[in-house]
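Below is one structure, written out as structure tokens, with a few remarks after it.
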Amino acid sequence: MTPKVEFHFDFGSPNSYFSHKVIPGIEQRTGAKFDYLPVLLGGVFKLTNNQPPMVQFKGIKNKPEYQRLEMERFIRKHGLTRFRMNPNFPVNTVQIMRGAVAAEMDGNLAKYVDAVFAHMWEDGLKMDDAEVIRAALDKAGLDGAQTLARIQDQAVKDKLLANTEASVARGTFGSPTFFVGTEIFFGKDRLRDVEEEIQAQKKAA
């Protein structure tokens, strides 16, 4: 029996993008299907008194340089040659994360996620500008105007808040966070552990 596997993500995290690109290989090798759960990283930080790395580690000698090196290694290892650091970073992701919730409600989450991750971390678009969002989604074959209308729905706003609060209650403090059953893993560098845990739980079932 394959365990339930979850990916709690925010588009504003480049490490969530990296994870998204690597997840299909894990799914293929394990037979598991990752359930994508949109959360608002700003809300996670607020609820956990956490800070983004660019703030948390500012002024620490050698750590930012090492983080860049580790990112470059990950990119090379997985052939993620289309990645580029978004020149508008950090981007306020409230609109596009609400859009993800709306897309999930409408049964179109996978296509939406692919498009927005690409626009954020391959095309370098300013994905907190409503007109940019609309045009980008239209280009991807999605209805940008409808998405911008849907994100104003109170039900969509409430669901994103509920997702975020529930994720934090389970132990989340940043993005990407993964759950294999009840086991929690944080960060793209734990994807190997995620894969091993999936296989371990399959054998134990």
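Could you compute the net charge surrounding Thr30? Neighbours are other residues with a C-beta less than 9 Å from the C-beta of Thr30; K and R count +1, D and E count -1.
0
Got a sec? Charge dipole of segment 5-204, +1 on Cβ for Lys and Arg, -1 for Asp and Glu; which of Gln199, Leu69, Phe9 is way out at the positive end?
Leu69
Taking the Cα centre of the chain as origin, work out the dipole magnitude from +1 charges on Lys and Arg Cβ and -1 charges on Asp and Glu Cβ, in debye rounded to 20.
Using only the charged Cβ atoms, the result is roughly 580 debye.
Along the Cα→Cβ direction, 7 angstrom out, place labels at Arg170 and Lys139. What is the inter-label distance in nm?
3.4 nm
Output the pairs from Lys4/Lys33; Lys111/Lys139; Lys21/Lys46; Lys21/Lys77 with a Cα-Cα distance over 18 Å in this structure; if there are none, say none.
Cα-Cα > 18 Å for Lys21/Lys46; rest within.
How do Leu142, Leu137 rank when sorted from fewest to most other Cβ atoms within 10 Å of their own Cβ?
Arranged by neighbour count, lowest to highest, Leu142, Leu137 become Leu142, Leu137.
At a Förster radius of 35 Å, what calculated FRET efficiency corresponds to the Cβ-Cβ distance of Ala205 and Asp106, to the nearest 0.05?
Taking R0 as 35 Å, the efficiency between Ala205 and Asp106 is 0.60.
Pulled fully out, how much extra length does the chain show between Thr2 and Asp189, if you take 0.36 nm times their separation in residues and subtract their Cα-Cα distance?
65.1 nm
Every number in this text was worked out from the coordinates using simple rules, so none of it is lab data. In this text the structure is predicted, and so the values were computed from the model without any measurement. Cβ: placed from backbone, ideal geometry, glycine included. Neighbour counts: every protein chain shown.
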